[in-house]
Amino acid sequence: MTTIEDVHRSDVRRGTPSAAVVEARNLGRDYKFGEESIHALKGVTFDVGEKDYVAVVGPSGCGKSTLLNLLGVVDSPSQGTVRIRGHDVGSMRDREATSFRLHNIGFVFQRFYLMPTLSALENIELPMAEAGKKKGERVARGRELLAYVGLGHRERHRPSQLSGGEQQRVAIARALANNPAILLADEPTGELDAKTGGEVISLFERLNGDGTTIIVVTHDEVLARAAHRRIHMRDGSIVDE
């Protein structure tokens with residue numbers, strides 16, 4: 001069976017969380033609506049260690065997605081700092097942030113966001129092409145990743161020819177394409193039935209067991225219980241960890 005060690009280029013080994021990959025300190029994010037300010041995040045502080053698996057949970061509107069956007073270098077904090085692998089990502093300009101995301105962050109979304117005209121393999125190749133990898137390297141790694149998620153026999157199939165669970169597995173493989181420092185997942189089982197969602201949860205557990213650092217935002221209690229740690233949020237703040 002293909003393991004994540006076979007497809008990671010770094011020398012990641014199974015083990016317990018070690019050095020901090022993510023360091024968030026007094027994070028705040030404010031939004032202006034006319035004369036009113038909305039405090040979406042307030043004083044959020046936590047660390048995520050290497051090989052950790054963290055679930056961020058809480059009611060809708062509590063700040064989970066805002067936090068994920070800051071960790072994914074999609075948005076910048078209004079207050080505080082967030083460092084990933086020692087880099088202060090909140091202060092990055094657009095071009096630097098785009099490059100950092102491409103090489104360090106893997107994203108998995110609720111609705112997959114696969115390119116409908118491309119095959120499973122071609123979808124996985126996309127972030128590698130953006131990173132300037134050669135075609136041969138892209139194809140080889142894409143096939144390794146498809147084998148890892150159990151879809152080596154589906155590389156030529158387009159998203160419309162795949163089930164929802166298969167599409168999400170392709171999306172997870174795509175997220176791993178450039179050996180990211182962390183995998184961020186936003187409600188990755190939200191569009192799936194219980195059985196298929198369970199298969200994705202098992203894949204996340206396998207990924208983490210093989211060395212991938214994972215942060216997931218979810219309402220799925222089964223997915224949250226599978227994580228090593230749960231960060232509970234309410235009204236923009238961490239209320240329990």
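Each value in this text was obtained by applying a stated rule to the coordinates, not by laboratory testing. Quick caveat, the model's predicted, so the values are computed rather than measured. Note: ideal-geometry Cβ built from the backbone for every residue, glycine included; neighbour counts use all protein chains shown.
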- Mind sorting 133, 32, 64 by how few other Cβ atoms lie within 10 Å of their own Cβ, fewest first? 32, 133, 64
- Amide H contacts of residue 185 (H built 1.01 Å from N, under 5 Å, at least 5 apart or other chain): 108, 215, 216, 217
- Message: Suppose only helical runs count, i.e. DSSP H with n ≥ 4. What mean residue ellipticity at 222 nm does that imply for the chain under -39500 (n - 2.57) per run, divided by all residues and rounded to the nearest 500 deg cm²/dmol?
- Response: -10000 deg cm²/dmol
- Task: Kindly provide log₁₀ I(q)/I(0) values, in the same order as q = 0.19, 0.23 Å⁻¹, from the Debye equation applied to equal alpha-carbon scatterers of segment 148-212.
- Result: -0.75, -1.09
- Note on the structure: Whole-Hz Karplus couplings 3J(HN,Hα) for segment 26-36, θ = phi - 60° and coefficients 6.51, -1.76, 1.60, Gly and Pro as x, run 6, 5, x, 9, 10, 10, 9, 10, x, 8, 9
- Query: Counting Lys and Arg as +1 and Asp and Glu as -1, what is the net charge of the other residues whose Cβ lies under 9 Å from the Cβ of residue 114?
  - Reply: +2
- Item | For residue 21, residues with placed amide H under 5 Å, excluding near neighbours | 48, 49, 50
